[in-house]
Amino acid sequence: MKACVDKETCIGCGLCAAISSEIFSMEDDGKAVAIGEEVLDSQLSDTEEAVGSCPVSAITLE
């Protein structure tokens, strides 16, 4: 499974990076980005929480 951030939709609130710092980080432009290729099973719970917490639904899991 892979996490993807729609940078056009992202408002840069930082919740995803705060909840799941192994999967998301904030870039210099203030927007979030998914780091790494795959979400490991051990990271899935935090990643799903980050997806659900995004106020603008900018994150998807594929």
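No lab work stands behind these numbers, since they all come straight from the coordinates. All of these numbers come straight from a predicted model, not from anything done at the bench. As a convention, Cβ positions derive from the backbone with ideal geometry for all residues, glycine included, and neighbour counts pool all protein chains shown.
Observations, loosely collected:
- In summary, strands (runs of 3 or more DSSP E) completely within the chain and bearing 2 or more residues that are free of Cβ contacts under 8 Å to residues at least 40 places away in the same chain occur at 24-26, 32-34.
- Filtered by the rule that a residue be more than 11 Å from A58 (Cβ to Cβ) and surrounded by 13 or more Cβ atoms within 10 Å (Cβ to Cβ), segment 4-20 gives G14, A17, I19, S20.
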